[in-house]
1. Could you say whether any residue in the range 141-153 is in a helix (DSSP H, G or I) and either exposed (fewer than 15 other Cβ atoms within 10 Å of the Cβ) or in the same structural domain as residue 39 (by TED's automatic domain parsing) (or both)?
2. Tell me, which residue of the range 102-137 that is more than 21 Å from the chain's Cα centre (by Cα) and in a loop (DSSP other than H, G, I, E, B) is modelled with the highest pLDDT?
3. Condition check: outside any loop (DSSP other than H, G, I, E, B), at pLDDT 90 or above and within 22 Å of residue 237 (Cβ to Cβ). Does residue 87 satisfy that?
4. Of everything in the range 167-185, what is surrounded by 15 or more Cβ atoms within 10 Å (Cβ to Cβ) and assigned to a helix (DSSP H, G or I)? Give them in sequence order.
5. Taking the range 46-67 as the search range and keeping residues that are part of a helix (DSSP H, G or I) and touching a residue at least 60 places away in the same chain (Cβ under 8 Å), which one is surrounded by the most Cβ atoms within 10 Å (Cβ to Cβ)?
6. For the range 67-74, does any single residue satisfy the condition of being in the same structural domain as residue 204 (by TED's automatic domain parsing) and closer than 30 Å to residue 163 by Cα?
7. I'd like to check something: does the range 20-32 contain any residue that is part of a helix (DSSP H, G or I), out of contact with any helix residue (DSSP H, G or I) (no Cβ under 8 Å at 6 or more places or on another chain), within 20 Å of residue 244 (Cβ to Cβ) and not assigned by TED's automatic domain parsing to the domain that holds residue 235?
C-alpha cells in the first residue's frame with residue numbers, strides 16, 4: 001500500500017535513484033543559480049544578450065555596492081523588519097490565546113468559531129484586493145507600515161489559530177486539571193503551564209509566518225507605494241526604469257532580500273523541525 005524505502009529496493013533502482021537525485025536537485029536550484037550568476041554580471045552583458053553565458057567580468061562588489069550604497073535598499077530592508085517582526089509577534093500571540101480558548105474550553109459555538117477561522121484560509125486573497133485597499137484608505141492606513149502590519153495580522157491569524165488549537169489539543173489535559181484543582185487562575189495556567197509546552201510550536205510557527213510575511217509581494221504592492229513604507233520585496237522593482245530593467249541589480253537585491261528568512265530558518269531549524277513533528281507519534 002505504501003512505497004517501500006529505497007534501501008529495500010533492488011540494486012538497479014537504488015543506482016537510478018542515486019543518479020537522478022543530483023540532477024533533480026540541480027534542476028530545482030537552477031533558477032536560484034541563475035539569479036546568483038546574474039547578480040555578478042556587468043550591465044553590458046544584458047545589453048549584448050549574454051543572458052546565460054559566463055560573466056564577461058566579475059562585478060560582485062560593484063553590483064552589491066550599488067544595491068547597498070546607491071539605492072534605497074537599506075530603507076526597504078528596514079521597512080521589512082519593521083513590518084515583519086511586529087506581525088509575527090502579534091499573530092503568534094493572538095493564535096496562542098485563541099488556540100488555548102478553542103482547544104481547552106468547551107462552550108456552545110466552539111466548533112463554529114473554529115470553522116470560521118479555518119474558512120478564512122480558503123478565501124482567495126486576490127478577490128480581497130479592492131475592498132482591503134478601500135478599507136485602508138478610509139482608515140487613513142494606506143501606504144503606511146501600520147496598515148500592512150494590521151492586515152497581515154488579521155489575515156494570518158486564521159492559519160495560526162488552526163495550528164495552535166490542534167497543537168494544544170494534543171497536550172496532556174490532566175496537567176491543566178491538576179492546576180485547576182490547586183486553585184490556579186486560568187490566565188496563570190495559560191502562561192505558566194501551557195505556554196512552556198508550546199515553545200516548539202511557537203518556534204515553528206514564527207519561522208513560517210516570518211517567511212510568509214517577509215516574502216509577501218502582492219499586498220506590499222497593493223497597500224504601499226514608495227520607499228517610506230514599502231518592504232524589500234516591492235522595493236526591488238525600483239531598479240526598473242521606464243525603458244529598461246537593471247537585471248543585475250534586481251538579482252543582487254533578490255539575493256540580499258532572501259538572506260534573512262534563510263538565516264532565520266537555519267538558526268531555528270532545530271525548534272522548527274521539533275515543532276512540526278511533535279505529536280506525530282504517540
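The values are calculated or read from the model by the stated rules, or taken from the named source; none is laboratory data. Fair warning: this is a prediction, and the values are worked out from it, not measured in the lab. Because the Cβ atoms are built from the backbone with ideal geometry, glycine has one as well, and the counts that use them run over all protein chains shown.
1. Here is the first cut: in the range 141-153, the residues in a helix (DSSP H, G or I) are 145-153.
Still in the running and either exposed (fewer than 15 other Cβ atoms within 10 Å of the Cβ) or in the same structural domain as residue 39 (by TED's automatic domain parsing) (or both): none.
Checked the range 141-153: no residue is in a helix (DSSP H, G or I) and either exposed (fewer than 15 other Cβ atoms within 10 Å of the Cβ) or in the same structural domain as residue 39 (by TED's automatic domain parsing) (or both).
2. It comes out as 105.
3. Values: outside any loop (DSSP other than H, G, I, E, B): yes; at pLDDT 90 or above: yes; within 22 Å of residue 237 (Cβ to Cβ): yes.
The answer is yes for residue 87.
4. Matches in the range 167-185: 167, 168, 176, 179.
5. First, pick out the residues of the range 46-67 that are part of a helix (DSSP H, G or I): 46-47, 60-67.
Then keep just the ones that are touching a residue at least 60 places away in the same chain (Cβ under 8 Å); that gives 46, 63-64, 66-67.
On the way: 46: 16, 63: 24, 64: 18, 66: 18, 67: 26.
Among residues in the range 46-67 that are part of a helix (DSSP H, G or I) and touching a residue at least 60 places away in the same chain (Cβ under 8 Å), the one surrounded by the most Cβ atoms within 10 Å (Cβ to Cβ) is 67.
6. no
7. No, because not a single residue in the range 20-32 is part of a helix (DSSP H, G or I), out of contact with any helix residue (DSSP H, G or I) (no Cβ under 8 Å at 6 or more places or on another chain), within 20 Å of residue 244 (Cβ to Cβ) and not assigned by TED's automatic domain parsing to the domain that holds residue 235.
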